[in-house]
Structures are given as C-alpha cells and as structure tokens.
Amino acid sequence: SAIRNSHLAILLIDGSENIVDQDITLISLTLAMGKSVILGINKVDILKAEDKKDVEIQIERKLRFSPYIRRVFISAKEGKGIGKLLKVSLETYKAANQDLDTSEMNSLLRLAIENQPPTMSGRFRPKLKYAHLGGKNPLTIIIHGNNTSLLQASYIKYLENFFRAHLDLSGSPLSIRMKDSDNPFKDKKNLLTERQKKKRRRIIKKRNK
C-alpha cells in the first residue's frame with residue numbers, strides 16, 4: 001500500500017551486509033507497480049574501500065534485470081550522503097513525470113531501427129511507424145506499426161534501452177507497448193468493377209478450355 005501510494009520508493013539496505021532476496025523482491029514489486037526506485041546503501045561510515053567495492057559488485061550482479069536503478073551510499077548516523085540522496089530522488093521523480101516530445105521520440109525510433117532493424121519472422125518483418133507518450137508512472141511509450149506481435153522480446157528490450165539512454169530517464173522504469181495499426185479495408189469486400197468482372201470471366205473461360 002505504501003509503495004502504491006508513493007511517487008517513488010527509496011529502498012534502504014545495510015551496506016555491511018549483502019543485498020538479500022527480500023530486497024530484490026521489494027525492488028521487483030516496486031517496478032511492477034510502475035514506481036521509480038532508488039537504492040540507499042547505509043553505514044558507509046563503517047565500510048572500507050574494499051568493502052564498498054564488494055557491495056557494488058554484489059548489487060551489480062543481483063540487479064542485472066534493472067541496471068538503471070540509481071544507488072547512493074549514505075551514513076544515517078553521520079548524515080553523509082543524505083543531500084545527494086534527496087537530489088537523486090528529485091531528479092528521478094522529474095524524469096518519471098516528464099512530458100516526452102513526440103517528434104523527438106519518432107526521430108529516436110527511426111534511429112533505433114536504422115541501427116538495428118527488427119528481424120524477419122517467416123515472410124514478414126515487423127514495421128514500426130511512429131511513437132508517442134502513453135502515460136506516466138511508469139513512463140510508457142506506445143509504438144504503432146504492422147505485425148508488432150512478431151517482435152522478439154529481446155528487440156523490445158533493445159528499444160527500451162535505446163530510449164532510456166537517449167532520453168535521460170535517470171533511473172525511472174520505462175514501459176514499451178506495441179500497437180498494430182488498424183487496416184481500414186480489413187472488413188470491406190474487394191468489389192470489382194464491371195471491366196474487372198469481364199476480364200475475370202475471360203481468364204476463367206480461357207483456363208477451362
């Protein structure tokens with residue numbers, strides 16, 4: 001309930017201990033609710049340089065699913081890093097609530113496709129046409145196109161990373177959603193002109209001889 005009602009969550013862990021599975025569960029839950037999360041690593045005052053490095057390595061390994069999460073070392077006892085934690089919190093909040101420019105998103109979409117086009121799926125290659133902002137908390141980008149259901153999960157992840165890198169999302173979760181463009185002729189019968197009907201009858205007649 002606290003996570004759901006928040007704008008962002010700060011998860012405080014004990015830097016003298018390894019990040020545990022319960023921490024990972026809370027981070028996953030926060031991201032699943034579309035909230036930004038910042039990792040506050042406490043007790044920096046008792047950590048040696050090599051201990052701090054070990055903590056960073058452990059966190060890097062266990063947060064491979066969300067490497068964009070920002071981390072701040074603090075000491076609640078000595079008040080170290082608190083100002084930076086608040087600064088990072090404000091930056092993250094602003095990033096998660098920004099209005100993304102549609103023209104910029106479409107330029108980035110074209111650039112992403114040029115750098116790495118979607119792979120063929122059978123006889124078809126998904127065609128991505130344009131993108132726009134679909135919502136906030138989490139930031140959601142909706143991409144319209146044809147045969148988008150054929151896109152591989154790895155390609156959607158590529159697009160997520162591409163947009164994140166170019167839009168300075170500062171630790172905010174980002175959701176990429178695909179939407180197939182409607183075909184305005186899909187429910188309409190292909191009506192032939194009188195000339196086309198006569199040509200069709202001639203072809204059928206010739207084929208039957």
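The values are calculated or read from the model by the stated rules, or taken from the named source; none is laboratory data. Since we're looking at a predicted model, the values are computed, not measured. Glycine also receives a Cβ, built like all others from the backbone with ideal geometry; neighbour counts cover every protein chain displayed. Heads up: the accessible areas ignore ligands, DNA and RNA and are worked out on the full protein's heavy atoms, side chains in. Shrake-Rupley method; radii C 1.70, N 1.55, O 1.52, S 1.80 Å.
Things worth noting here:
- Cross-link pairs beyond the 26 Å C-alpha cut-off, checked among K43/K87; K52/K80; K43/K136; K52/K157; K35/K179; K52/K84: K43/K136; K52/K157
- Estimated FRET transfer efficiency (K179, K48; beta-carbon r; R0 45 Å; 0.05): 0.30
- Signed unit charges on C-beta, dipole axis of the stretch 1-64, positive-most listed residue N5, L26, V55: N5
- At an R0 of 41 angstrom, the distance between the Cβ atoms of I203 and L111 translates into a FRET efficiency of 0.30.
- Longest segment of the chain lacking chymotrypsin sites (Phe, Trp or Tyr not before Pro) that sit in a DSSP loop with at most 13 other Cβ atoms within 10 Å: 66-184
- Over the stretch 1-151, relative contact order from alpha-carbon pairs under 8 Å, at least 6 apart, %: 19
- Among K35, K48, K62: highest mean-square fluctuation, GNM of the chain, C-alpha pairs under 10 Å: K48
- Equivalent ellipsoid of the stretch 51-154: semi-axes from √(5λ) of the C-alpha gyration tensor, largest first, are 37, 19, 10 Å.
- Around the Cα centre of the chain, unit charges on the Cβ atoms of Lys, Arg, Asp and Glu (plus for the first two, minus for the last two) sum to a dipole of about 3060 debye.
- Each Lys and Arg adds +1 at its Cβ and each Asp and Glu adds -1 at its Cβ; summed about the Cα centre, the stretch 81-181 shows a dipole of about 260 debye.
- Whole-percent carbon and sulfur share, accessible surface of the stretch 1-129, 1.4 Å: 52
- Extension gain (nm, one decimal) between M33 and R125, 0.36 nm per residue minus Cα-Cα: 29.9 nm
- DSSP bridge orientation in the stretch 1-155 - percent antiparallel, rounded to nearest 5: 45
- Looking at the stretch 8-53, the accessible area is 51 square angstrom per residue; that uses a 1.4 Å probe and ignores ligands, DNA and RNA.
- Whole-angstrom Cα spans of the chain along principal axes, big to small: 96, 33, 30
- For F73, nonlocal amide neighbours, meaning residues 5 or more places apart or on other chains whose placed amide H falls under 5 Å from its own, are I41.
- Pairwise Cα distances in the stretch 1-116 exceed 17 Å for 62 percent of all pairs.
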